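The values are calculated or read from the model by the stated rules, or taken from the named source; none is laboratory data. In this text, all values refer to a predicted model and were calculated from it rather than measured experimentally. Backbone-built Cβ (ideal geometry, glycine too); neighbour counts: all protein chains shown. We work out accessible area using only protein heavy atoms, side chains counted, and drop any ligands, DNA or RNA first. Shrake-Rupley method; radii C 1.70, N 1.55, O 1.52, S 1.80 Å.
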Amino acid sequence: LYESKYLPSLYRDKNRCYSIRVSDNYLGRILLGLASSYKRMPSKGQSIKDYLKENQPSLDFIKNTDEKTRNWCVRLAFTTDGYISYSSKIHRLALSCYSTILCKQWLEVLDICGIKSFVGKSKNSWCGDAEVIISQRSIPLFWNIGGFIEGVKISNKSKKYKGWEKNKLLEKVLRERYGPV
């Protein structure tokens with residue numbers, strides 16, 4: 001909003017999910033300068049082999065930035081494409097990511113932040129990788145860098161926690177597992 005000459009357009013789909021669209025060639029060139037590609041998977045009908053010959057997405061711009069910006073990028077990624085699950089035995093904080101290259105790079109970014117993580121697999125993923133999972137011991141470190149973006153609520157995908165603020169569930173997990181936060 002502050003960097004563009006144009007007002008963004010806000011859209012709401014039938015699932016009540018919002019999208020923001022900014023059409024600005026200047027900002028587009030800046031984004032394209034950060035990474036040579038944003039394509040995360042083969043196109044329909046494209047072979048994996050042909051896709052891997054193309055320029056691949058990169059998180060180098062996050063790895064090479066300052067700590068404050070890197071922490072904001074991690075928080076934003078986990079807020080938009082991440083989830084926290086809660087059960088009596090295992091708590092999981094993860095980022096959905098169906099790209100081997102991006103999963104590996106997210107591991108590197110999180111490692112720079114001092115957060116240990118690993119890749120979760122899925123048979124339903126085109127590449128076998130499906131998510132980046134923060135280790136149980138590193139969940140408090142995610143909280144320490146700021147946790148999720150304030151005010152963002154859990155989507156309707158969660159029957160039990162939909163409508164809860166993501167940070168409230170994170171705080172509940174931390175209190176029960178590690179004591180006061």
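Express in Å², to the nearest 10, the accessible area of I101 obtained by rolling a 1.4 Å probe over the protein heavy atoms while all chains stay in place.
50
Solvent-accessible area per residue for the chain at a 1.4 Å probe radius, Å²? Intermediate values should be presented prior to the final figure.
Values: 12150 Å² over 181 residues.
Per residue, the chain has an accessible area of 67 Å².
Please report the carbon-and-sulfur percent of the accessible area for the chain; probe 1.4 Å, protein heavy atoms only, DNA, RNA and ligands left out. Provide the component values of the computation, followed by the final result.
Working: 6410 of 12150 Å².
Roughly 53 percent, rounded to a whole number.
Near K63, within a Cβ-to-Cβ distance under 12 Å, what is the net charge of the other residues, with Lys and Arg +1 and Asp and Glu -1? Provide the component values of the computation, followed by the final result.
Details: positive: R70, K104; negative: D60, D66, E67, E108, D111.
Around K63, the charge tally is -3.
What value, in deg cm²/dmol to 500, does the helix sum -39500 (n - 2.57) over DSSP H runs of n ≥ 4 give at 222 nm once divided by the residues of the chain?
Numbers: 7 runs with 67 residues, N = 181.
Calculated from helices alone, the mean residue ellipticity at 222 nm is -10500 deg cm²/dmol.
Whose amide H sits under 5 Å from the amide H of G120, counting only residues 5 or more places off or on another chain, with H placed in the peptide plane?
A130, E131, V132, I133
Starting from the stretch 9-66, pick out the chymotrypsin sites (Phe, Trp or Tyr not before Pro) whose DSSP state is loop and whose Cβ has at most 11 other Cβ atoms within 10 Å.
Qualifying residues, ordered by number: Y38.
Provide the per-residue ³J(HN,Hα) series for the stretch 77-88, in order, calculated from phi with Karplus coefficients 6.51, -1.76, 1.60 and θ = phi - 60°, each as a whole number of Hz, with x at glycine and proline positions.
Per residue, the Karplus-derived 3J(HN,Hα) values read 4, 5, 5, 8, 10, x, 8, 10, 10, 9, 8, 5 Hz.
With angles folded into 0 to 90 degrees, how steeply does helix 166-178 sit against the dominant principal axis of the chain? Use alpha carbons for both and round to 10.
40
State the answer as a single residue: which of C17, A77, W106 lies farthest towards the positive end of the charge dipole of the chain, with beta carbon charges of +1 for Lys and Arg and -1 for Asp and Glu, about the Cα centre.
Farthest towards the positive end: C17.
What ³J(HN,Hα) values, in whole Hz, does the Karplus curve 6.51 cos²θ - 1.76 cosθ + 1.60 give for the stretch 98-109 when θ = phi - 60°, with x put for Gly and Pro?
Running phi through 6.51 cos²θ - 1.76 cosθ + 1.60 with θ = phi - 60° gives 9, 8, 4, 5, 5, 4, 4, 6, 5, 4, 5, 4 Hz.
Please give me, ordered by residue number, the trypsin sites (Lys or Arg not before Pro) of the stretch 109-181 that lie in loop per DSSP and have at most 12 other Cβ atoms within 10 Å. Mind showing how you got there, number by number?
Details: sites: K116, K121, K123, R137, K153, K157, K159, K160, K162, K166, K168, K172, R175, R177; in loops: K116, K123, K157, K159, K160, K162.
Hits after loop and neighbour filter: K123, K157, K159, K160, K162.
Could you go through the stretch 124-134 in sequence order and give the Karplus-derived ³J(HN,Hα) for each residue, using 6.51 cos²θ - 1.76 cosθ + 1.60 with θ = phi - 60°, rounded to whole Hz, and x for Gly and Pro?
Each residue of the stretch 124-134 in turn: 7, 8, 4, 10, x, 8, 9, 6, 10, 10, 7 Hz.
Here are a few candidate values for percent of Cα pairs over 19 Å apart: (1) 56; (2) 60; (3) 65. Which one was actually calculated from the structure I just gave you?
Here the calculated entry is (3).
How about the stretch 16-73: which trypsin sites (Lys or Arg not before Pro) there lie in a loop by DSSP and see at most 12 other Cβ atoms within 10 Å?
Numbers: sites: R16, R21, R29, K39, R40, K44, K49, K53, K63, K68, R70; in loops: R16, K39, R40, K44.
Sites meeting the loop and neighbour criteria: R16, K44.
Out of residues 5 or more away from G82 or on other chains, whose amide H comes under 5 Å of its own, with H placed 1.01 Å from N in the peptide plane?
Hits under the 5 Å cutoff: S96.
Given labels modelled 7 Å from the Cα in the Cβ direction, how far is it in nm from E108 to S4?
With each label placed 7 Å out from Cα toward Cβ, I get 3.0 nm.
Using unit Cβ charges (K, R positive; D, E negative) and no other charged atoms, how large, in debye to the nearest 20, is the dipole of the chain about its Cα centre? Mind showing how you got there, number by number?
Values: 32 positive and 17 negative charges, 174 e Å.
Around 840 debye, computed over the chain.
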